[in-house]
Structure formats: structure tokens, C-alpha cells
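The values are calculated or read from the model by the stated rules, or taken from the named source; none is laboratory data. Note that the structure is a prediction, hence the values are computed from the model and not measured. FYI the Cβ positions are ideal-geometry reconstructions off the backbone, even for glycines, and counts take in every protein chain you see.
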Amino acid sequence: MKNPNTGFSPEHYAFSSGEHRGKKVIWIKFPRDQKLLATLKEVCMPYWSATQKSWYVTDNKTYRTLFHLPIPLVGKETLSKISTANLHAFTEYQNMLLLKGFSQNTMRTYSVEFAQLLYIIRDFPVWQLTPEKLKSYFLYCTTELALSENQIHSRMNAVKFYFEKVLHRDKMFFDIPRPKKPLQLPKALNTAEIKKLFAVVENPKHRLILQLCYGMGLRVSEIAQLKIQHIDSAANRVLIERGKGKKDRYVNLPVSILQNMRDYYRDYRPKEFLFEGQFGGHLTTRSVQQVFKLAMLKAGIRKKIGIHGLRHSYATHLLEYGTDISLIQRLLGHNDIRTTLIYTHVTDRQTNKVASPLDKL
């Protein structure tokens, strides 16, 4: 896709990974054309290598996103710590993650957690680990590394994936005790804080991002990748394409936001994604998170809460307004109603009416 401001299109260039003077780089090759070079320099700062007769930039996530290149699940440093005895097992592990079609975040989390086990066992073949040895490893994670319950569960799931999905072993972890997860309630903002948050944001693009996050209960990745073609203003609904779990769903478009959206579209003229990044494509999740963080600081709201709290606030406030829990489940895209039911712990209209005995003294 072209950047509407620069005309940059990755399809006109050939990219490859490599090293230059001991550093990871992305080589950029294209026909000898001053216009292509000028366009490239508008979106990045390439260097010329006389020895390789090629332009290059530092190999990082920003440039990989700009050039539409895949982002590695783990870095070179992670691979360097894995013994050669287990490198093949790690490659098989990552290949199976790819075949299963997991999201980039899930694949990255599983890969890093599995790598932690490989660091510890060093040259010992991972496929020869017994349930007893694995129990000892998880005990070490609990007592020596002092990992949280959620971290232990994440690491167990990653290791379990290797033995059950890669090696096709029986479900060998049923007799390995798992720590009980703490019941952590969703953190939300009240309606007064939501209003205050929107009021302090002067940039119309940033304000619209936060309004839609809250107004439709979107995840940060969903707002970042929201496409113009999926917004149906006539029916007041929006298609959320390939949300968590790669599921499509429809959410309701707030009527009160329509004029703001039209004004934004007139001023910014986005092409494909509603919120485009500096170099084209969709806005990064990190940029969206930064918008929320700065708005919270400016509003003077001191709650320790991330942008996902706007989604929690959406669900909490819908429940307070009397919306049926099954409808909230559908709008949020939850598979299991039990996931949605946690919001009943945050807001209970009947419990809130109970006065403390202290107030009756």
C-alpha cells in the first residue's frame, strides 16, 4: 500500500536481511532511479555500502513494519543462548506454532517461554525430559525465580504445547499441579473520568481514537487496524475483522460520534485504515497506547490502568445501564460467558444499594 503523503510503495524495492559491520541490517535494492531513491529517503534514512553496492537501514521492528517484512518471533540473542542440542527442537516448535496459525503475540510469548526451559537444561535433550524433571523445573520457577501465578501458567502452557502438539505425547501435565490464579477484577474508569479524559485531548485524531475504543469496546489492536470499508454509518455498525482468536464480529457504532468521524475523514483523508501511521499502513498499537497514556497524564487521572481499561469501562457501563450480559458477551467477542461474567463483580446494582451498617449508627 502506498503512503498517501510520500508515494512510497514497498513493492518497488527488494528487501533482504543481513549483517554489515557486525550489525543486523535490511538491504534495500531497486533499479537505479533517482525518484525511487528520493521516495525512499522521505520515509527513512538509508546508508550506502560501497562494498555491497547497496542501500541499507538498521534491522528493527519499525522498518520491518514499514517494508511489510515479517517480524521475527525471537531475536538473535535468544537463539544464541539455546544449546545446539536443542536448536532443532526449537525450530520444530516454532514451525508448529506457525502451522497452528496462532497470532504473532501468542507465538512470540510461547517461543520465549519455551526458550526459558531450554536455557536451563542446556545440552540435555528437551524431548527426554520426564514429568518428574518438569515438576522440578516448575518448582524452580516458583521458588527460585519467584514467578507469578500467571507467569507459571504461561510457561506451563508453552511447555505443554511442545510435548503434546510437537511430540504428540499424551496429555502428560494433568498430574502436574498448577498454581491457583488470583481473581483479578478488570480495572475501569468511571463516567466522570471518561468525560474528563476526552475533554483534555485537543488533537481530533487522538480524541477519536479514544472515543471509539471506549464507545465500541475495542481492543488496542482492533482500533489500530480498523478499516474504513468496514464502517457502515448507515446501519451504525462496524465489522471487526479477525479480532482475538481470528474471529469476525460486529459492534455498534455510536451515533454521537458520526459528525466527529466525518470531520476527521475530511481533514485527514485516510486511504485504507481509519487511523494511518506516519509512513502509511495502520497505526501501531504502541502509538495508540501512548495516546492514552498522555491523555491520562493530562487529565490528572492517577489510576494505574492501560488503554484496555477503556474496553473494561465499556462493558462495565453497559452492565450498569441494564444491558443483558449475553449481548455484552457478543459485542466483546468473548467465546465463554464466564469471561464476561467477571464484570458482574465490578458492578452490581443490587449490592451497591446496600448501605454499610456504619452509615446507620
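Residues being of a type in the set (A, V, I, L, M), within 22 Å of the chain's Cα centre (by Cα) and over 17 Å from N190 (Cβ atoms): count how many of those fall in segment 287-313.
Total satisfying the criteria: 3.
Go over the candidates Y343, Y268, Y264 one by one and state the one that is among the hydroxyl-bearing types (S, T, Y) and closer than 20 Å to E193 by Cβ.
Only one candidate qualifies: Y343.
Being over 19 Å from the mean Cα position of the chain (by Cα) and crowded, with 16+ Cβ neighbours inside 10 Å narrows it down to one of T284, T323, T344, T316, so name that one.
Just one listed residue meets the conditions, T316.
In segment 214-240, what residues are part of a helix (DSSP H, G or I) and more than 14 Å from the chain's Cα centre (by Cα)?
Passing the criteria: Y214, G215, M216, I228, Q229, H230.
Just need a number here: residues in segment 77-86 that are surrounded by 11 or more Cβ atoms within 10 Å (Cβ to Cβ), assigned to a helix (DSSP H, G or I) and at pLDDT below 90.
Number satisfying all stated conditions: 2.
Sort through K298, K304 and tell me the only one that's surrounded by fewer than 18 Cβ atoms within 10 Å (Cβ to Cβ), farther than 18 Å from P204 by Cα and touching a residue at least 12 places away in the same chain (Cβ under 8 Å).
K304
For the structure I just gave you, tell me whether L147 is buried (at least 16 other Cβ atoms within 10 Å of the Cβ) and modelled with pLDDT of 95 or more.
Judged against the criteria, L147 is not a match.
Please state which of the following conditions D232 fails to meet, knowing it meets all the rest: (1) exposed (fewer than 13 other Cβ atoms within 10 Å of the Cβ); (2) out of contact with any strand residue (DSSP E or B) (no Cβ under 8 Å at 6 or more places or on another chain).
Result: D232 fails condition (2) only.
Can you tell me how many residues within segment 20-46 are loosely packed, with under 12 Cβ neighbours inside 10 Å and either basic (K, R) or without any contact (Cβ under 8 Å) to a residue 12 or more places away in the chain (or both)?
9
Pull out all pairs, ordered by first then second residue, where Cβ-Cβ is under 7 Å, the residues are six or more apart or on different chains, the first lies in segment 191-220 and is among the acidic types (D, E), and the second is outside any helix (DSSP H, G or I).
E193/I301
Mind checking which pairs have a first residue in segment 126-138 that is free of Cβ contacts under 8 Å to residues at least 40 places away in the same chain and a second that is surrounded by 11 or more Cβ atoms within 10 Å (Cβ to Cβ) and of a type in the set (D, E, K, R), Cβ under 8 Å, 6 or more apart or different chains?
Once the first residue is free of Cβ contacts under 8 Å to residues at least 40 places away in the same chain and sits in segment 126-138, its partners that are surrounded by 11 or more Cβ atoms within 10 Å (Cβ to Cβ) and of a type in the set (D, E, K, R) give F138/R155.
Go through (1) over 19 Å from M216 (Cα atoms); (2) surrounded by fewer than 16 Cβ atoms within 10 Å (Cβ to Cβ) and name the single condition Y265 misses.
For Y265, the exception is condition (1).
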